[in-house]
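The values are calculated or read from the model by the stated rules, or taken from the named source; none is laboratory data. The shown structure was predicted, so the numbers you read here are calculated from the model rather than taken from an experiment. Methodologically, a virtual Cβ is constructed for each residue, glycine included, from the backbone with ideal geometry; neighbour enumeration extends over all protein chains shown. SASA here: full protein model, heavy atoms, side chains in, ligands and nucleic acids out. Shrake-Rupley method; radii C 1.70, N 1.55, O 1.52, S 1.80 Å.
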Amino acid sequence: MQYNRASYLNTRRDAWVEINLDYIEKNILELRKFLKPDAKLFAVVKADAYGHGAVMIAPVLLASGVDFLGVSSIDEGMQLREAKIDAPILVLGAVPVWSFDWAAANNISVSIFSDEHIEACRLTYEKTKIKTKVHVKIDTGMNRIGVRPDKAVEFIKKVQNCDFLCLEGIFTHFASAEEEDLTEIQYEKFEKIVSSVNTEGLLIHCCNTAALITYKDMKYNMARAGIGIYGLQPDLFPEAVKPELKQVISLRGRITNIHTAHKDEGVSYSHKYITSGETKIATIPIGYADGVSRRLSNKIFGIINGKKVPQIGNITMDQMMFDVSGVSVKEGDIITLLGEDGGTFISVDEWAGLLGTINYELTCALKVRLARVYTR
């Protein structure tokens, strides 16, 4: 791809997040290789599609054969509906009982796991004459939300006897899909519950990206893919076959200033970096207010014309600096912080390793003030 300043003039800032829609499609095709025949694929687009932009990503997912979309709140579901996305949507998180009316009126399915939720469905039907679509969430070991296993069968049968709601599915969430023993314990609890109720016509889902890839014998008719869609590798067994996923997201900024510092000069706040000699310094307008952690200071690299250059000095709120000594650069040139340039690649996992965190925390952290630019 050829870049020029006019291409991104509408961002009004020399910094942006770039989303490769081709890679979304490729990742969906790759994940389908692990999906059971005839099973539906559920795409998780909560947290603005993990920072990638749910409204823009959703149509691509649906065109790629995704059957269901997952969000974390009614508001996120409403954002998709307002964008004229009419695919099935499930709120995976807990929904306030006072917002069930909104869910029913906008054809958004909700997760239920308490008698209060059932009562909210009844009241919604009395007021609107619309049956709320629901999925029963079972807590098999996450200890977050859901009906406990010893109460689950009774609760599901109670829900099935309610004529004022529409039961669409039953699901659970694995705490550590990369740990076989723990996952098997959770799955056995889930399977015991599911086998004790009538599941005809219901969606049964428990597998996230890691479980979809790893466990071949689990019974389900829908799998929920999250980070895999965005080309981020989940934690897997060492012997597991890793899917060929392409990182969808890139982070880029244009050089706004170049100057030369002399030997023994400090760079940025607190002078945590001291130059060892004549140093050509380039500045780009990306900082911790954009979601790039200050703890990455003096640890990361950028790429310019296929060559890695070290970031130097403390990352500031809105800017950071790079040592571009020995590199032919000019103001307006692009430095890539995440993604590929000239055959050189920096992964989100690289940053996650430096921070001791998970890759999708970092994509979610990239702030909305960074324009999202979508490419093919």
Task: Accessible-area ranking of R12, R122, largest first, probe 1.4 Å - done: R12, R122
Task: L366 long-range amide H proximity, modeled H, under 5 Å - done: none
- [ ] Could you pull out every residue, at least 5 positions away or on a different chain, whose amide H is within less than 5 Å of the one on E265? Hs are placed 1.01 Å off N in the peptide plane, and Pro or chain starts have none.
- [x] T275
- [ ] May I ask for the net charge around R372, where only other residues with Cβ less than 10 Å from the Cβ of R372 are counted and Lys, Arg are +1 while Asp, Glu are -1?
- [x] -2
TODO: Describe numerically, in nm with one decimal, the distance between label points set 7 Å from Cα along Cα→Cβ at Q160 and at N107.
DONE: 2.7
Open item on the list: Give me a comma-separated list of calculated 3J(HN,Hα) values for region 322-337, in order, Karplus coefficients 6.51, -1.76, 1.60 applied at θ = phi - 60°, integers in Hz, x for any Gly or Pro.
Closed with: 9, 8, 10, 4, x, 10, 7, 9, 9, 4, x, 5, 8, 10, 9, 8
Task: Spatially close lysines, pair count over region 49-151: Cα under 24 Å, gap of eight or more or interchain - done: 6
Open item on the list: Contact order normalised by length for the chain, with contacts defined as Cα pairs under 8 Å and 6 or more residues apart; what percent is it?
Closed with: 18
Open item on the list: Counting only protein heavy atoms and a 1.4 Å probe, tell me what percentage of region 31-161's accessible area is made up of carbon and sulfur.
Closed with: 52
Task: Heavy-atom SASA rank of W16, W98 (probe 1.4 Å, accessible area, largest first) - done: W98, W16
Task: Among beta bridges that DSSP assigns inside the chain, antiparallel share in %, nearest 5 - done: 50
TODO: Place a +1 charge on the Cβ of each Lys and Arg in region 212-294 and a -1 charge on the Cβ of each Asp and Glu, then give the dipole magnitude about the Cα centre in debye, rounded to the nearest 20.
DONE: 240
Open item on the list: Below 8 Å, C-alpha to C-alpha, sequence gap of six or more: please give me the relative contact order for region 176-226 in percent.
Closed with: 36
Task: Accessible area expressed per residue, the chain, with surrounding protein chains retained (probe 1.4 Å, Å²) - done: 45
TODO: Jot down the per residue volume, in cubic angstrom and as a whole number, of the convex hull over the alpha-carbon atoms of region 42-174.
DONE: 104
Task: Of all accessible heavy-atom area on region 241-376, the percent that carbon and sulfur account for (1.4 Å) - done: 50
Task: Summed residue charge, Cβ within 12 Å of T172's Cβ, Lys/Arg positive, Asp/Glu negative - done: +3
TODO: Please list the helices of the chain that count as membrane-span-like by this rule: a mean Kyte-Doolittle hydropathy of at least 1.0 together with Cα atoms stretching 30 Å or more along the helix axis, each helix being a complete DSSP H run.
DONE: none
Task: Furthest towards positive pole of dipole, V134, N257, C207, structure part region 119-278, Cβ charges - done: V134
Task: Cα-centre dipole for the chain with unit charges at Cβ (Lys and Arg positive, Asp and Glu negative), debye to 20 - done: 780
TODO: On the full set of protein chains, 1.4 Å probe, figure out the accessible area of S276 and give it in Å² to the nearest 10.
DONE: 100
- [ ] Between beta-carbons, use under 14 Å as the cut-off and find the net charge around D181, counting Lys and Arg +1, Asp and Glu -1.
- [x] -4
